[in-house]
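What follows is a single structure, written as structure tokens, with notes after it.
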Amino acid sequence: MENAAVANVLRGEGYRYCHTNLAEAGIYYKYYQEGFHIVMAVDLSGGNRFSVQQYRSMEEHAMDLFYHPQGRLGDFPDGFPVYHVEMLTLLIGGDSEVERKLCAECRNVWVYQPQSGRLLIYENQPGDFFGLRGALEQGAGTGGAGEMSRQGTGAGGWAETSRQGAGAGGWAETSWQGTGAAYASAQNTAKNRLGILWKNIRAEYVTIALVVVNVITYLVLEWLGDTTNGFFMAEHGAMYPDFIRINHEWWRIITAGFLHFGAVHLVNNMVILYCMGSRLERVTGHLKYFLIYLVSLIGAGLLSYGMMLRTGDYAVSAGASGAIFGVIGGFLWIVILHRGRFEQITTRGIMMMIVLTIYYGFSSAGIDNWGHIGGLLAGFAATVILYHRNRQKY
């Protein structure tokens, strides 16, 4: 379903229209500098309601279509490269609760109210999208003069600054509230930001918990002794083959993954764990992510233990890097499943990172390379089993 005012503006900016199998959604697209600018217009004015998960599925399929348009996008010729896809979602009318939830938890989402001709841009969303804000404010607004409100998304209330346009020249007047209202607005804005922060924490709390456990474990052991000493670390849960082979202390496979040899070892691992783990957790969900991490940790420890027995090159082994490689292996499967690109991560990019890291490990001393490889393989296999892409198509 096309909104006439929005359609006129986008077509005037050089966008073309692409139908989807959803009556309430359509996509406008423009090929620009070896990539696409796309606007997904979703009409909520008929009372349509959908969840964040449904929205993300729509976004995923749209990005996939335009990263790989050959043979799927009817008028797109073969041989033209697509190196980037930039996407904006425009919610047209509808339930304000749905709009607020989507704008709070998703990126690049604007709201257009056809009754009043207002364009609403929430404070955590981009202020422009390749010049479309001005075009929509002027062309889709009532009488050609647009209005824009920057609003908070939290439950604490609305923090709104309303500015009235005076034609294409810009803003003729800015209206500010009184001191008391401005103070209340600042409070609401702080609450909104705390609300967004809390939602981000809820979306990646397993990763945060893993980082916290690793850090606390390191601090406790550092207080008790020297974390760079192999004997001390073996005494407190690190993996050494004879403890497993003779004493059958298999629990060391897991405890070793939460111990680190010094602050640098800890910090390097925790930075990578948070950066990669939080993204994987958002994609797979909390439970599946934790299972992938745990399987990777066990896989890393088992292969490391097995290779030490085989080569006779015994060493005290500890660190979360094997499980982190499992997280990277999980992301490799997700990127492959999404036809070579997911959230700006490509198959080539992640494979290059894996190869360079493993090469660095084999060319350096003191690195448990077999643990890395075991974690990578285990994490990849676990993700293949646990993560299944939504097969719905446009």
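Before moving on, here are some points about what is shown:
- Distant-in-sequence amide H partners of Glu249 (H built 1.01 Å from N, under 5 Å): Ile244
- Per-residue packing, averaged as other Cβ atoms within 10 Å, sorts the ranges 128-135, 381-388 into the order 381-388, 128-135, beginning with the highest.
- HN-Hα J in Hz across region 286-301 - Karplus 6.51, -1.76, 1.60, θ = phi - 60°, x for Gly and Pro: 5, 5, 4, 4, 4, 5, 4, 4, 5, 4, 5, 4, 5, x, 5, x
- Amide hydrogen neighbours beyond the local backbone of Val85, cut-off 5 Å, H modeled: Phe36
- Ordering of 277-286, 251-260 by burial proxy (mean other Cβ atoms within 10 Å per residue, highest first): 251-260, 277-286
- Efficiency of FRET from Cβ geometry, Gln70 and Leu224, R₀ 51 Å, rounded to 0.05: 0.25
- Taking amide H positions as modeled 1.01 Å from N, with prolines and chain starts lacking one, the residues under 5 Å from Leu259 and 5 or more places away or on another chain are Gly319.
- The length gained by stretching the chain between Leu337 and His19 to full extension, at 0.36 nm per residue less their Cα-Cα distance, is 112.0 nm.
- Karplus-derived 3J(HN,Hα), 6.51/-1.76/1.60, for each residue of region 231-238, Hz, glycine and proline x: 5, 4, 5, 5, 5, 10, x, 5
Bear in mind that the values in this text are calculations on the coordinates, not laboratory data. If you're wondering where the values come from, they're calculated on a predicted model, not measured in any experiment. Heads up, the Cβs are rebuilt from the backbone with ideal geometry, glycines too, and the neighbour counts pull from every protein chain shown.
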